[in-house]
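Readers should treat all values here as calculations from the given coordinates under stated rules, not as data from a laboratory. All values derive from a computational prediction rather than experimental measurement. So basically every Cβ, Gly included, is an ideal-geometry build from the backbone, and we count neighbours across all protein chains shown.
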Amino acid sequence: MTYNHAMCATPSSVPTIDVVIPAFNEQDSLPLVLRDLPRPPVQRIIVADNNSTDDTARVALEGGAVVVPAPRQGYGSACLSGLEYLRRHEPPEIVVFIDGDYSDHPEELPRIIEPILEDRADMVIGSRVLGQRERGALLPQARAGNFVACWLMRLLYRHRYTDLGPFRAIRWSSLEALAMEDPDFGWTAEMQVKALRHHLRVVEVAASYRKRVGVSKITGTLKGTFMAGYKILWTVFRYSWRQA
């Protein structure tokens, strides 16, 4: 889908779209993400600064983003801080999440939101498995973790996901109904599992993926890989017996 400026001429017909970027020491990659995010259709970009010790906050401001402190360390905590800001400042109709490491292709945002704009979905996952990937971009441990988590979700929830990709979009009303709470590695799995339990219309679209700028804070270390894998699988299991 190509988002054209003609669509902007009638604001009442175009949903408001904000982007949340959880960020921890992304000073080199974040300017590239901000540069490539299409504005329009994006209205606001919220960078949730998760205790960065570099110039992440400065480059975010210079790139036109709103910087929100996320003092509790963790991927999910950063996302929650970004959402709390939106909750207090005129929430959008659609929220898009994307990482700040430039591994996703921000210019593909219109493809991610298209099923929602066409009322075919309430939530869209940008699947790196379905899309074009740069060689070596999706590390073996990430591929294995994705496979196991998606297989478990298919077994427990009867839905076939291919990925836990961080590039995703969801209606604000649907997101609020999910009552997200995971503070760290289980964030993406929690959202996908809760979406199924709340009977949301979920669609996956192909999303391109490349090697990130810098070193991964999760799959780049043995400890990070283990902790992320454990938390993701635990999240998938725990909601299978909890009430929605």
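Observations on the structure shown:
- Estimated FRET transfer efficiency when R0 is 25 angstrom, pair His199-Trp151 (beta carbons, to 0.05): 0.70
- Amide H contacts of Val68 (H built 1.01 Å from N, in plane; Pro and chain starts excluded): Val47, Ala48, Asp49 sit under 5 Å, all sequence-distant by 5 or more or on other chains.
- Computed [θ] at 222 nm, helices only, for the chain once each DSSP H run of length n ≥ 4 contributes -39500 (n - 2.57): -11500 deg cm²/dmol
- For the chain, the fraction of alpha-carbon pairs in successive 10 Å shells from zero, as %: 7, 34, 40, 17, 2, 0
- Taking label positions 7 Å along the Cα-Cβ direction at both Glu181 and Arg143, the computed distance is 3.6 nm, reported to one decimal.
- Phi angles across the range 41-49 convert, under the Karplus curve 6.51 cos²θ - 1.76 cosθ + 1.60 with θ = phi - 60°, into 3J(HN,Hα) values of x, 5, 8, 10, 10, 9, 9, 8, 7 Hz, Gly and Pro given as x.
- Cβ-defined net charge surrounding Val33, 9 Å radius [Lys, Arg +1; Asp, Glu -1]: -4
- Our estimate of slack between Asp119 and Ser173, defined as 0.36 nm per intervening residue step minus the Cα-Cα distance, is 18.1 nm.
- Here the label points at Glu93 and Thr53, each 7 Å from Cα along the C-beta direction, are separated by 4.4 nm in the simple model.
- Expressed per residue, the C-alpha convex hull volume of the range 96-198 stands at 110 Å³.
- Residue among Met123, Val148, Ile98 farthest towards the positive dipole end of the range 98-176, charges placed on Cβ: Val148
- Label positions at Trp234 and Arg72, each projected 7 Å from the Cα along the C-beta direction, are separated by 1.5 nm.
- Choice from Tyr102, Tyr85, Tyr209 showing the highest fluctuation, given a GNM over the chain with Cα pairs closer than 10 Å: Tyr85
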